[in-house]
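The values are calculated or read from the model by the stated rules, or taken from the named source; none is laboratory data. Keep in mind that what you see is a predicted model, and the values were worked out from it rather than measured. A quick note on method: Cβ atoms are made from the backbone with ideal geometry, for glycine too, and the neighbour counts reach across all protein chains shown.
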Amino acid sequence: MGDPVKELTRAIASGKLAPVYLLYGDEPAAIREVVDAIREALIPADDPTAQSMAAFNHERFDGVDVRSASQVLDACAQVPMLAAKRLVELSNPDDLGKGGRGEDGGPASTREKALDAIAEYIKAPSPTTVLVITGASIDGRSKLVTTTKKARGAVAQKFEAFKRDDDARQMVIAEARERGRSLDVEAAHALISSVGTGRTEILEGLDRVILYAGDRTRLGVADVHAVVAQTREVDIFAITDAVGRGDHRDALSLLAQIFAAGEKDTGLAHRLFALLTRQIRLVMSAKANEGRYAQVADVPSFLVRKIESQAQGFSMERLRAAYAGLARLDYDLKGGSHIAYASPYLALQRWILETCGALPGVDARR
């Protein structure tokens, strides 16, 4: 599976710019990298003319501050000055129309009307403007996304955590190489095991490893472990092992220790969610490939036996239920449930008990 960030940035660097980009999902690092590539393509840092005209050819809007969609659309309709194209950026489009009174003193555009107006523009965009829309909360089923996907030449890209560990490892090894460092496979695995497969968390982890290593170009497991040891008092990843074993007591004990460490509940909950999702996915793969997991495993060989052992404690039906529970938890932690959002610790406790078959009437082996 290719890396959508690299695919997009390569196309942009080659001059293949789309008239509209809709970049969304829970990976701010990925979105930022693509937006930076677009900015560099249209307003090169080493081009004095482009830099001097940036004030005329580059406009940014945040949905919460936009009174009416016409502000954005008028910016898109302007003619570029001493440049081939203008760049217009709109972040958080779901907040459109919340900016108070309109330009004429009347009510601001409603969110629905504002999004409809942007969607209509996407169908027939200005040939001399690149419109970049970004947002973490954009719904993949929304009119904005469906319209962009159908529009000729437009790009709608959702960025999310890597589905396969191997893809995540290849990405971080390549990223380290681009930074003039050599990260071996075992170190890459240790990093992913610590932070999950989200691009943002992986790159933040790599930054810490490089900072720790100083001038050394070769980065190993010891460097990763040193950084992990300095940034967390409890091994978060140990919870996934406990859940994999069906040991709810150990998992709950570790969960309590982690939340007692003083980190922000919501941020920590999202990190734990990513790691738990990865673990259940690995166990599901081992369950689905019993007897031949070693041939298809997406983990280093020394982990195969442990994951196979964990898979023996679950039925596929129970694993599917656990994965579905994580999907619900992800939604709840993002605001779908006030109780879960207000107390992610309790929400994660409940999921662990359900997954380990520790609630009355629940058997993890069935």
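Among residues that are part of a helix (DSSP H, G or I), more than 20 Å from the chain's Cα centre (by Cα) and either on the phi < 0 side of the Ramachandran plot or not aromatic (Phe, Trp, Tyr) (or both), Thr200 is not included. What do you reckon, is Arg152 assigned to a helix (DSSP H, G or I) and of a type in the set (D, E, K, R)? No; evaluated as a whole, the condition is false for this residue.
Considering Ser109, Ser70, Ser91, the condition of being out of contact with any strand residue (DSSP E or B) (no Cβ under 6 Å at 6 or more places or on another chain), buried (at least 17 other Cβ atoms within 10 Å of the Cβ) and either polar (S, T, N, Q) or at pLDDT 90 or above (or both) is satisfied by Ser109 alone. Remark: pairs (first residue in segment 312-338, not assigned by TED's automatic domain parsing to the domain that holds Asp139 and among the charged types (D, E, K, R); second residue modelled with pLDDT of 80 or more and assigned to a helix (DSSP H, G or I); Cβ separation under 7 Å; 6+ apart in sequence or on different chains) = Asp332/Ala347. In segment 10-94, counting only strands (runs of 3 or more DSSP E) that sit wholly within it, the ones holding 3 or more residues that are within 19 Å of Thr134 (Cβ to Cβ) and either of a type in the set (A, V, I, L, M, F, W, C) or in contact with a Pro (Cβ under 9 Å, 6 or more places away or on another chain) (or both) span 20-25, 86-91. Among the conditions (1) closer than 30 Å to Leu115 by Cβ; (2) surrounded by 16 or more Cβ atoms within 10 Å (Cβ to Cβ); (3) under 22 Å from the mean Cα position of the chain (by Cα); (4) of a type outside the set (S, T, N, Q), the only one that Ala151 does not satisfy is (3). Within segment 182-197, one or more residues are of a type outside the set (D, E, K, R), on the phi < 0 side of the Ramachandran plot and surrounded by fewer than 17 Cβ atoms within 10 Å (Cβ to Cβ). For Arg181, which of the numbered conditions (1) more than 24 Å from Leu282 (Cβ to Cβ); (2) of a type outside the set (Phe, Trp, Tyr); (3) at pLDDT below 85 fails to hold? Going through the list (1) more than 24 Å from Leu282 (Cβ to Cβ); (2) of a type outside the set (Phe, Trp, Tyr); (3) at pLDDT below 85, Arg181 breaks only (3). Among residues of segment 146-171 being of a type in the set (A, V, I, L, M, F, W, C) and at pLDDT 95 or above, the one that is farthest from Leu282 (Cα to Cα) is Ala151.
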